Amino acid sequence: MTALLYVAAALLAAACGYLIGSVNGAIITVRLLKGKDVRDYGSKNAGLTNTIRCFGKGCGVLTLIIDIGKGAAAIAAAILLSKWLGWAPLADGTGNDYRWLGFIAAAFAILGHMKPIYYRFRGGKGVLVGVSVFLVLNPLTFVILMAIFGLLLWRSKYVSLSSIVATACVIPTTFLLEIFLRGTTMGMALLYTGIVAVMAAMIIGCHHENIQRLRAGTERRIGDPKPKEVTESKE
């Protein structure tokens, strides 16, 4: 019976993450404010960077709020529902027996952002959601990742490169902070790190076109001229 409860709790967390993660801030914002589909412009990506480039900072701010909020909402829903139902506590040494469900919800929130069920499975790349979930799971991880992203962006002017490197850094950062700062047991730290590694692999995998352009030297930097179709979208 206990094993079934753990499976049920994991499935509940996955469902919360995916369904809430499928609410895409860029698609909603651009449709509401501009009457357009962000996936038809610029890089065709339903994410924050493309939204700002194509439709301005106003749309970008609302996209930011929605996409940060949904990551936190997915984690909160998964943990609170499991607590309410009394399903599958799993001690990790930190005093939060349900925290592992937050990591599962976070991974599926990223999947929902990338392949949203509400928008024909065409979403974004998951960077913002992937970073923002650590505001709930481990705020220091969020601070470290944002510092890495900001430093690389300042030096390189490549949003994609900064996102990829910061995403890769989340794996060792998670393990080290769980073990040495939070006092998480080794087994649970490895579980969390494994889930985070899957999250990072999904996000980096969605950047395969950016990686090809970076290698070819054709990737856009911050400050580069906007693509032609962006100008046409505002006429």
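The values are calculated or read from the model by the stated rules, or taken from the named source; none is laboratory data. Model, not experiment: these values are computed from the prediction. Cβ placement follows ideal geometry from the backbone for every residue including glycine, while neighbour counts extend to all protein chains displayed. Each accessible area value is taken on the protein alone, full model and side chains, heavy atoms only, with ligands, DNA and RNA left out. Shrake-Rupley method; radii C 1.70, N 1.55, O 1.52, S 1.80 Å.
Taken about its Cα centre, segment 41-174 carries a charge dipole of roughly 600 debye when the Cβ of each Lys and Arg holds +1 and the Cβ of each Asp and Glu holds -1.
Net charge of the neighbourhood of Phe121, taken over other residues with C-beta under 13 Å away and scored Lys/Arg +1, Asp/Glu -1, is +4.
Of the residues Thr218, Gly183, Ala106, the one whose Cα sits farthest towards the positive end of the charge dipole of the chain is Thr218 (charges of +1 on Lys and Arg Cβ, -1 on Asp and Glu Cβ, taken about the Cα centre).
Taking every Cα-Cα distance in segment 81-158 and sorting them into 10 Å bins starting at zero, the pair-distance distribution P(r) comes out as 17, 33, 33, 14, 3 percent.
Sequence-distant contacts, meaning Cα pairs under 8 Å at least 6 residues apart, place the relative contact order of segment 1-160 at 30 percent.
Using heavy atoms of the protein chains and a probe of 1.4 Å, the accessible area assigned to Tyr41 is about 40 Å².
Report the residues of segment 144-178 in range of a label on Arg221: point 7 Å along Cα→C-beta, backbone N strictly under 20 Å from it. Only 148-166 pass the distance filter.
Across the protein chains, with a 1.4 Å probe defining accessible surface, the residues Phe180, Phe121, Phe175 rank Phe180, Phe121, Phe175 from largest area downward. Both radii are taken from the alpha-carbon atoms of segment 21-119; with Rh as the Kirkwood radius, Rg/Rh is 1.11.
When nucleic acids and ligands are ignored and a 1.4 Å probe is applied, Trp100 ends up with an accessible area of around 20 Å². In segment 1-116, the portion of solvent-accessible area held by carbon and sulfur atoms comes to 71 percent [1.4 Å probe, whole percent, DNA, RNA and ligands not counted]. Scaled against the 2.2 N^0.38 Å expected of a compact globular protein of N residues, the Cα radius of gyration of the chain reads 1.05. Charges were assigned to the Cβ only: +1 to each Lys and Arg, -1 to each Asp and Glu. The resulting dipole of segment 1-101 about its Cα centre is roughly 480 debye. Annotation: peptides 186-195, 162-171, 124-133, ranked by per-residue average of other Cβ atoms within 10 Å with the highest first, follow the order 124-133, 162-171, 186-195. In this simple spin-label approximation, Ile65 and Thr185 carry label points 7 Å from Cα along the Cα→Cβ vector, and these lie 4.2 nm apart.
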